[in-house]
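Visitor: Okay, here's the structure, questions in a sec.
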């Protein structure tokens, strides 16, 4: 399985976080490919129920995303580093 990742930051409309992105969500988009063909997986930091996704017999879980997203200091997508746990489901 090949897993290139892209992260993007989201904040909820009207969120007043005083510089911290507490009201939002960062999404790590994982492009998986293998025997099942290509698939796009979205792993969320703000919702633990959506921090994992499956591809065939494999489960991909977002463990950590760095740096922590601050709304007052946007982070370029290429500057994020995601820690993923990949294992059998």
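A short reminder: the numbers here are calculations on the coordinates, not readings from a lab. Computed from a predicted structure; not experimentally measured. Cβ placement follows ideal geometry from the backbone for every residue including glycine, while neighbour counts extend to all protein chains displayed.
Visitor: Sort 63, 58 by Cβ crowding within 10 Å, fewest neighbours at the top.
Guide: Lowest to highest Cβ neighbour count: 63, 58.
Visitor: Roughly how compact is the range 42-89, stated as its Cα Rg over 2.2 N^0.38 Å to two decimals?
Guide: Working it through for the range 42-89, the quotient is 1.28.
Visitor: Between residue 88 and residue 49, 0.36 nm times their residue separation minus their Cα-Cα distance comes to what?
Guide: 12.3 nm
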